[in-house]
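Engineer: A single structure is presented below for examination.
The values are calculated or read from the model by the stated rules, or taken from the named source; none is laboratory data. Given the structure is predicted, the values throughout are model-derived calculations rather than measurements. Glycine also receives a Cβ, built like all others from the backbone with ideal geometry; neighbour counts cover every protein chain displayed. Heads up: the accessible areas ignore ligands, DNA and RNA and are worked out on the full protein's heavy atoms, side chains in. Shrake-Rupley method; radii C 1.70, N 1.55, O 1.52, S 1.80 Å.
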Amino acid sequence: MRKIAIFVLLLFMSLQACVRSPAKQILFDDPSLSRVWPSPPEQPRIKLIKVFKGAEEFLNPKGRIQSFFEALTGEHGHSFDLMAPAGIAADGERFIYVADPSARLVHRFDLRENEIVYLTHAGTEPLASPVGVALDMDGNCYVTDSVKAKVYKYNADAEYVGTIGQGVIDFKRPAGIAIARNGNKYVADVLSNKVFVFDRYDRFVSDFPNPLYSEGLNKPVNIAVDKSNNVYVTDAFSFAVKVFDEKGNLIKTIGRIGDGPGTFSRPKGVAVDSESHVYIVDANFDNFQIFNEEGRLLLYVGSAGKKPGEFFMPNGIFIDREDRIYLSDSYNQRVQIFQYIKEQAAK
C-alpha cells in the first residue's frame with residue numbers, strides 16, 4: 001500500500017500543472033454555419049466557421065485518463081467549459097489557447113492529439129487571473145496573470161518553465177501580450193501605463209512610450225504586432241488603438257470615443273491580418289470593427305445576442321497565418337472562429 005500511495009502522490013504532482021481530458025476531433029470548418037459579412041448581395045469578406053464552448057462539445061466525460069485516476073485515488077477527474085474567456089492565441093495547425101480568468105486557468109485545445117489540457121498552476125503556484133496568452137515560434141506559451149502580476153512561460157508540452165521579467169520588471173497588472181515574428185515579446189501593463197519589451201531569449205529590452213517623446217498611454221489592456229513589427233495597443237481610457245513602431249514611437253491612432261461605426265465605447269482585443277487590416281473588439285457594441293492600414297473603417301461584424309455570429313461582451317481576438325480569426329465571446333462563454341476571405345477568393 002505504501003508503494004501505491006507514493007505512486008499516486010507522484011502522479012498527482014505530475015498532473016497538478018495541467019489537467020488533461022480526452023476530446024473528440026475538432027474541425028475548423030463547420031458546414032452547418034452559413035453566416036457571412038457583409039450580407040448578400042455584397043461579396044463576403046468574413047465567414048463564421050466554428051463555435052465552441054469547450055468541454056461541452058469535446059469531452060468524453062468518462063475518458064481513459066479520468067477513469068485511471070479515479071481507480072487509483074477515488075477522486076473524480078475534472079473537465080471545464082469556458083467561463084469568461086479573455087485572451088486567445090493559436091498556432092493555426094494544432095493548438096488553441098484560451099485564457100479564462102474566471103476559471104483561473106488556461107484551456108489548451110489540441111486538434112492533433114484530440115485532447116484538452118488545462119494549465120492551472122505555475123509549478124506549485126496556482127494561477128489567479130490569467131488574462132493574456134501568446135505563442136512563440138517554438139510553441140512556448142506565455143501567460144499573463146493580472147492578480148499575481150507575473151508573466152508565466154510554459155513549453156510546447158504545456159510544462160511550466162518559469163517567469164519572464166521577474167526581478168527586473170515590477171509588473172503591476174500585466175494584461176495583453178503579443179509576440180512578433182522576430183521573437184520579441186510585448187506586454188501591456190494596465191497600471192504602469194507602459195508596454196514592456198523582451199527579446200526572443202526573454203531578456204528585458206525596453207519599455208515605451210517615453211512621455212518625453214511620445215503621447216502616453218491610459219490603461220493599455222490589449223496588444224498585437226503586425227508583420228512589420230508595428231505594435232497596436234488598445235488604450236482603454238483613450239477609447240482608441242494607438243500604433244507604435246518597434247522602437248516605441250507613436251505612428252497613429254485609430255478610433256475615438258463615440259456610439260457609432262468607427263468609434264469605440266469599450267475597446268478590448270486587437271489583431272492584424274496578413275493584409276494589414278486591423279480588427280478591434282468592442283465589448284459594449286458586441287462586435288469587432290475592421291479598419292484598413294490608414295485607419296479607415298471597412299466593415300463591422302456581429303451584434304448583441306446568443307446566436308452564432310452574435311456576441312455578449314466579446315473580449316480577446318487573434319488571427320493566425322491562414323487569416324482565421326479567433327474571438328473570445330466572453331459572456332456567451334464560448335469561442336467563435338471566422339475566416340477572412342481575401343479579395344481574389346471572394347470573386
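Engineer: If I ask for residues that are surrounded by 13 or more Cβ atoms within 10 Å (Cβ to Cβ), more than 16 Å from Gln339 (Cβ to Cβ), modelled with pLDDT of 50 or more and not acidic (Asp, Glu), which ones from region 19-58 would you list?
Structural biologist: Passing the criteria: Val19, Arg20, Ser21, Pro22, Lys53, Gly54, Ala55, Phe58.
Engineer: Could you identify the single residue in Phe291, Phe264, Phe244 that is of a type in the set (Phe, Trp, Tyr) and within 23 Å of Asp199 (Cα to Cα)?
Structural biologist: Among Phe291, Phe264, Phe244, only Phe244 is of a type in the set (Phe, Trp, Tyr) and within 23 Å of Asp199 (Cα to Cα).
Engineer: Tally time: how many residues in region 250-265 are surrounded by 14 or more Cβ atoms within 10 Å (Cβ to Cβ) and assigned to a loop (DSSP other than H, G, I, E, B)?
Structural biologist: The qualifying residues number 3.
Engineer: Which condition does Gln333 not pass, out of (1) more than 21 Å from the chain's Cα centre (by Cα); (2) closer than 20 Å to Leu33 by Cα; (3) open to solvent by 60 Å² or more (accessible area, probe 1.4 Å), if it passes all the others?
Structural biologist: So Gln333 meets the others, but not (1).
Engineer: Checking Val272 against (1) in contact (Cβ under 8 Å) with a residue 40 or more places away in the chain; (2) surrounded by fewer than 20 Cβ atoms within 10 Å (Cβ to Cβ), which test does it fail?
Structural biologist: Val272 satisfies every listed condition except (2).
Engineer: Another one. Any idea how many residues of region 115-136 are small (Gly, Ala, Ser), within 17 Å of the chain's Cα centre (by Cα) and assigned to a strand (DSSP E or B)?
Structural biologist: Summing the residues that are small (Gly, Ala, Ser), within 17 Å of the chain's Cα centre (by Cα) and assigned to a strand (DSSP E or B) in region 115-136 gives 2.
Engineer: Could you list all residues from region 209-242 that are out of contact with any Leu (no Cβ under 9 Å at 6 or more places or on another chain) and within 20 Å of Asn182 (Cα to Cα)?
Structural biologist: If the condition is that a residue be out of contact with any Leu (no Cβ under 9 Å at 6 or more places or on another chain) and within 20 Å of Asn182 (Cα to Cα), then Asn222, Ile223, Ala224, Val225, Asp226, Lys227, Ser228, Asn229, Asn230, Val231, Tyr232 are the ones that fit.
Engineer: Which of the residues spanning region 275-325 are open to solvent by less than 40 Å² (accessible area, probe 1.4 Å), part of a loop (DSSP other than H, G, I, E, B) and of a type in the set (Gly, Ala, Ser)?
Structural biologist: Within region 275-325, Ser276, Ala283, Gly295, Gly302, Gly305, Gly309 meet the criteria.
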